[in-house]
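The values are calculated or read from the model by the stated rules, or taken from the named source; none is laboratory data. What you see is a predicted model; the values in this text were computed from it and never measured. Cβ placement follows ideal geometry from the backbone for every residue including glycine, while neighbour counts extend to all protein chains displayed.
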Amino acid sequence: MSLALELYRSIPRYLAARAIGGRAPGLVAGPLAPIRLVNRRDPEPDRPGWARVRTRLSGICGSDLATLSGKSSFYFSPLVSLPFVPGHEIVGELVDEVDGMDAGTRVVLSPVLGCLARGLDPCAACSAGLTGRCDRVALGHVSPGLQTGYCRDTGGGWGRIFAAHRSQLHPVPDPMEDRVAVLVEPLSCAVHTAMRASVGPEAEVLVVGAGTIGALTILALRELTQAGRVTAVAKHGAQRDLARRLGATDVVEPGEAMNAIRRATGALKLRPERGPSFLLGGADVAIDCVGSKSSLDLSLRATAAGGRVVLSGIPVGGADLTPVWFRELEVAGAYTGGTEQVNGEARSAFDVAIELASAAPLEGLVGAVYPLRDWREAIDHALAAGRLGTLKVAFDPREG
Ligand SMILES: [Zn+2]
């Protein structure tokens with residue numbers, strides 16, 4: 001048995017919407033929260049390729065907050081199994097030796113529970129290394145769960161011990177601090193996002209949102225593509241500084257973004273009778289790293305005809321799709337990292353992320369670490385992180 005935070009039921013959305021509304025601190029982590037601190041039976045993996053991992057740090061991700069606040073879509077309900085221990089951004093250490101990896105090895109986790117982890121012959125997507133597109137995340141000997149952190153069998157990073165399959169584990173280079181290593185998973189998503197953006201040489205790129213994913217996406221665009229100007233939309237001071245540090249050319253507040261892109265591209269701005277203005281002309285590529293109605297509207301309305309819009313944040317709001325039709329936009333999802341074509345070479349997004357994290361100035365991104373018992377405070381902090389000048393909040397389950 002060991003300590004873990006457990007999500008034990010889904011919040012009815014009508015209740016969540018009525019009671020919680022937006023981002024009121026104290027309510028999500030309050031009495032309505034479907035989460036509790038428990039002593040849970042440790043997973044006892046007895047299948048080949050499975051091992052126990054002891055969590056060192058586990059981040060609180062936007063998707064975790066969307067799940068806790070009842071904002072994520074019911075679409076996901078058959079893709080999770082309750083009760084589960086959240087936490088998929090993880091650095092930990094192996095408790096058991098597994099397939100040539102020694103006990104004690106420090107590892108980061110590729111969270112998708114695809115065919116290999118489920119004891120199935122790989123589906124077409126898994127065979128191609130695109131485990132994020134696996135068709136069998138609800139099948140096999142593991143309970144449904146698109147990822148570790150959404151599956152009742154495996155445990156997750158918000159607990160002291162979880163189980164992982166060898167195919168999910170990547171060793172961490174010795175010099176890398178835990179507070180940087182815990183960013184490798186979100187960085188692997190950013191690497192994937194940058195590749196999904198299909199950025200041409202000198203392309204005009206708009207990145208909406210400069211929280212952890214937005215900031216890391218800017219880094220990946222700079223390091224892996226030939227993007228020209230990268231305009232970042234950031235709400236808060238610490239986010240603006242980080243966006244610049246990681247390679248944004250221009251950093252603007254949300255209300256200024258449309259004008260900034262208009263000026264940069266010489267586009268024509270038009271104002272409808274109702275709703276936000278839009279451009280004729282605009283960015284070649286827009287990447288929505290937020291997922292709200294306003295961030296998606298901005299991304300769609302600031303992109304030039306024939307351009308590409310990448311959805312990186314989970315879209316929770318209904319945006320107006322008229323520009324997709326009228327501007328013939330390509331809309332692409334970017335869910336998680338897999339095997340990427342980086343400069344013509346097939347590479348694991350995790351390997352690329354570990355390489356980038358080793359060289360980039362990522363110290364200080366993890367701005368607060370909490371023991372599990374202080375989970376309410378941790379979640380409130382994560383919900384208000386931007387405003388409080390914090391990028392990433394994490395749990396250290398080794399403490400209390
Ligand atoms: Zn598969």
One residue from Gly132, Gly114 being surrounded by 17 or more Cβ atoms within 10 Å (Cβ to Cβ), assigned to a helix (DSSP H, G or I) and among the small types (Gly, Ala, Ser): Gly132
Residue selected from the range 141-160 under the condition closer than 14 Å to Trp50 by Cα and more than 20 Å from the chain's Cα centre (by Cα), by the criterion farthest from the ligand (Cβ to nearest atom): Asp153
Selected residue (only one of Leu298, Leu280 is within 19 Å of Ala334 (Cα to Cα) and touching a residue at least 12 places away in the same chain (Cβ under 8 Å)): Leu298
Selection within the range 246-275 - in a helix (DSSP H, G or I), within 25 Å of Glu202 (Cβ to Cβ) and not polar (S, T, N, Q): Glu256, Ala257, Met258, Ala260, Ile261, Arg262, Arg263, Ala264
Qualifying residues in the range 286-340 (those that are of a type in the set (Val, Ile, Thr), surrounded by 24 or more Cβ atoms within 10 Å (Cβ to Cβ) and farther than 29 Å from Ala124 by Cα) - the one modelled with the highest pLDDT: Thr303
Complete set of residues in the range 294-343 that are in contact with a Lys or Arg (Cβ under 9 Å, 6 or more places away or on another chain), farther than 19 Å from Ser63 by Cβ and in a strand (DSSP E or B): Thr303, Ala304, Ala305, Gly306, Gly307, Arg308, Glu330, Val331, Thr339, Glu340, Gln341
Of the criteria (1) more than 20 Å from the chain's Cα centre (by Cα); (2) among the charged types (D, E, K, R); (3) within 15 Å of the ligand (Cβ to nearest atom); (4) over 24 Å from Pro83 (Cβ atoms), which one Arg166 fails: (3)
Any pair with Cβ under 6 angstrom, 6 or more apart, that starts in the range 94-122 at a residue that is within 16 Å of the ligand (Cβ to nearest atom) and ends at one that is among the aromatic types (Phe, Trp, Tyr): Ser110/Phe350
Leading residue by the ranking (nearest to Glu97 (Cα to Cα)) among those in the range 178-207 that are within 20 Å of the chain's Cα centre (by Cα) and among the acidic types (Asp, Glu): Asp178
